[in-house]
Each structure stands twice: as C-alpha cells, then as structure tokens.
Amino acid sequence: LAMQNDTLAKFLQSDSASREILQTEVDSIKTQELKDLLPYGFAVHHAGLPRTDRKLIEDLYADRHIQVLVSTATLAWGVNLPAHTVIIKGTQIYNPEKGMWDELSPMDMMQMIGRAGRPQYDKSGHGIVLTQHSELQYYLSLNNQQLPVESQLLSCLPDLINAELVLGTIQTRQDAVNWLGYTYLYVRMVHAPRLYGISPDEAEEDKLLEQRRVDLVHSALMLLDKHNLIKYDKRTGQVQVTALGRVASHYYIKHPSIATFNDHLKPMMSDIELLRLFSLSNEFKYIPVREEEKVEMAKLMERVPVPVKGGIDEPSSKVNVLLQSYIS
C-alpha cells in the first residue's frame, strides 16, 4: 500500500547510513519474507522465526533502523522495546484452557500500550486499539477507572485445600468452609456474586454464602477423594490425608497429574514407559513444539539414553527429551 501511494519514504530514516545498514543486514537474514521487507524499514517478529533473525530484528528496531515492527503479543509483553505508537490489531487471543477465543486482560492491554511514549525515549506516545464495538466501553474504562481484581482461586481450589489438609490447618469439611470464608474469593463472591455464578435470589437468601461455600468445598473434597489424595467421609465431614496427598502437596503436583499417574502407573514398568508417563503430567500440557526446535529435538532424541516413545511433533516428546537431558 505504501508503494502504491508512494509514501515509503515516511518509513525510512532520512540518513543514508541507516538505509545502508538495513541493506547490509539483509544478507544475514534467513527468512525470505524478512529479506523482502527489511530494506524498506519494515519487519516482523514471532516465535516461528529463527533465533538469529529474531535477535537481529530486535537490535535493528532498538537502534531505530526499523520504523515499523509487526509482532505477536509476546514481544510486547516480554521484550523491552519502546515505541512511539503502539497499534493493537484485535483484542482477542486463543485461550487453550477454555478452548476458545478470549479478550485480552486489562493488565496485558496496559503492558502493551505502555510501550508507547516512554519518558526516557520519547516526549509523547500514541496507543491505538482496534476492537469490536461491543467491547469498546470495556477498553475505554481502562483509561478512566480502575477495574477490580477478580479471584482465580476456583481453578486451583482442590490443590489448595489438599495443601491446607497436609499442613493441618483443615481437618474437616466445616474447617474448610470456615477457611474459605477468609479468602479473597469469598470477598469477591459477596461483592460481585453474578461473576461467580451466584444468582441474585441465592445471594439475597444466603448473605454469608454458607451453602455456596459448602458446595465448593464438597466438590473439591470429592475430587481429591476420587484421586486417592484424601479419605473423605461424606456423612460426618471428616477428612484424612493419604500418603499420596502428602507427596502431591510437598512437590506441588496438581491433582490432574496424580489422576494420570493413578490411571497408568503399574508395579512393573520399563524406563521408556515411566518417562513417557511423567511427560504426560498436567504441568507440561501447554509446552509447545516450535518449528525451529525440531532439528535440535531430532538430534537429542537420537542421543538420549532412554528411547522416546512418541513423535517429534508431540509436546510430551519434547518434555521427555528435556527431562532426560537434565538428569543424564
């Protein structure tokens, strides 16, 4: 578009030295698309690029030779590269936990917009957000009011209750219900019940949310009991910690991982099967296999002492290789 409108000069530094540097660095770029863009002061940055290309792009942008950098959100979150103008093209990202597209959090938005106009680098800055009209008011509110911080306790409630049981803070179901009343989750449920699935009628009838707390604790205890982390008497509310529960709490192992071990662990297993089982742990489920890592992965898979059961594209294979590389 810039070539059609004859406006490319706006994206290039006025001094010839900068243009010469861009032309020189093109030869060291491995990605063909980058080779085509770089002489014009444009570049892209994402995890699919080779490490050398990413590092070169970051250095050229930091030295202001690159004027326009199109990147994934990771760059804006993790790499300290100030900008005069930040444009967020779309505010939805894929959430693997929910299996659907989700809105960027307020913290992520402010982190990315905050790259624009850093005091030590620029006198002013601009932030431009492209989003759906239905979300407009939400993002406008980030500038003129503070949004409350919501509790994330529900997602890890069973593991936290197990840890408290191991410590001895909780010994019965009622102890757990009382303990939940001292958490930030309870504070937010009382102040914003609808956000936590509590109807107005329920909130009105049970102002202390006693029954809701009982239901949450009962569900968590049932889950822990199912995976043999505790022994739970539903009638009396008494809870007894098992050896497996102590191990999970001591080593911070999440209950889904314990469930995997319960299902697949056998009295007699080979080294291949054991390492395969550990690599299937819930803690590793979001570790991706990047395209640039496959060559290195293939070499490591040939060298590790225990053969890897699984393909090179599987995240569990990557975890398996890394585990063996660390302990061997």
Can you name every residue in region 35-55 that is open to solvent by 30 Å² or more (accessible area, probe 1.4 Å), touching a residue at least 24 places away in the same chain (Cβ under 8 Å) and among the aliphatic types (A, V, I, L, M)? 44, 47
When every residue in region 192-206 that is closer than 15 Å to residue 150 by Cα and among the small types (Gly, Ala, Ser) is compared, the one least open to solvent (accessible area, probe 1.4 Å) is 192
Among the residues of region 33-74, count how many are out of contact with any Asp or Glu (no Cβ under 8 Å at 6 or more places or on another chain), within 23 Å of residue 292 (Cα to Cα), of a type in the set (A, V, I, L, M) and part of a helix (DSSP H, G or I). 2
Within region 207-243, track down each residue that is closer than 18 Å to residue 253 by Cβ and open to solvent by 80 Å² or more (accessible area, probe 1.4 Å). 226
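Given the criteria open to solvent by less than 70 Å² (accessible area, probe 1.4 Å) and modelled with pLDDT under 80, does residue 121 qualify?
no
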Just for region 99-113: of the residues that are modelled with pLDDT under 80 and farther than 20 Å from residue 150 by Cα, which one is most open to solvent (accessible area, probe 1.4 Å)? 100
Residue check, residue 28 against (1) over 27 Å from the mean Cα position of the chain (by Cα); (2) of a type in the set (Gly, Ala, Ser); (3) within 27 Å of residue 91 (Cα to Cα), all met but one. Which one? (3)
Touching a residue at least 60 places away in the same chain (Cβ under 8 Å) and either at negative phi or in a loop (DSSP other than H, G, I, E, B) (or both) - does that describe any residue in region 255-264? yes
Considering 204, 210, which residue is more than 25 Å from the chain's Cα centre (by Cα), more than 27 Å from residue 47 (Cα to Cα) and in contact (Cβ under 8 Å) with a residue 24 or more places away in the chain? 210
Which one of the conditions (1) in contact with an Asp or Glu (Cβ under 9 Å, 6 or more places away or on another chain); (2) of a type outside the set (Phe, Trp, Tyr); (3) under 30 Å from residue 255 (Cβ atoms); (4) open to solvent by less than 40 Å² (accessible area, probe 1.4 Å) does residue 81 fail to meet, given that it meets all the rest? (3)
From (1) farther than 25 Å from residue 277 by Cα; (2) surrounded by 16 or more Cβ atoms within 10 Å (Cβ to Cβ), pick out the condition that doesn't hold for residue 258. (1)
Taking the conditions exactly as written (at pLDDT 90 or above and more than 30 Å from residue 170 (Cα to Cα)), does residue 244 satisfy them or not? no
Residue tally, condition within 17 Å of residue 48 (Cα to Cα), open to solvent by less than 60 Å² (accessible area, probe 1.4 Å) and either touching a residue at least 40 places away in the same chain (Cβ under 8 Å) or not in a loop (DSSP other than H, G, I, E, B) (or both), over region 269-317: 5
Taking region 87-126 and keeping residues farther than 20 Å from residue 141 by Cβ, under 15 Å from the mean Cα position of the chain (by Cα) and not in a loop (DSSP other than H, G, I, E, B) leaves 94, 95, 100, 101
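I'm trying to understand the selection: among the residues of region 314-328, which are out of contact with any helix residue (DSSP H, G or I) (no Cβ under 8 Å at 6 or more places or on another chain) and either modelled with pLDDT under 90 or among the small types (Gly, Ala, Ser) (or both)? Full working, then the answer.
Here is the first cut: in region 314-328, the residues out of contact with any helix residue (DSSP H, G or I) (no Cβ under 8 Å at 6 or more places or on another chain) are 314, 322, 326-328.
Passing the criteria: 314, 326, 327, 328.
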Go through region 244-254 residue by residue and tally those that are without any contact (Cβ under 8 Å) to a residue 12 or more places away in the chain and β-branched (Val, Ile, Thr). 1
Pick from region 151-191, criterion in a loop (DSSP other than H, G, I, E, B) and surrounded by 14 or more Cβ atoms within 10 Å (Cβ to Cβ), ranking: farthest from the chain's Cα centre (by Cα): 171
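The values are calculated or read from the model by the stated rules, or taken from the named source; none is laboratory data. The structure displayed is predicted, hence computed values, not measured ones. Please note: Cβ atoms are built from the backbone with ideal geometry, for glycine as well, and neighbour counts cover all protein chains shown. Note: accessible area is taken over every heavy atom of the protein model, side chains too, but ligands, DNA and RNA are not part of it. Shrake-Rupley method; radii C 1.70, N 1.55, O 1.52, S 1.80 Å.
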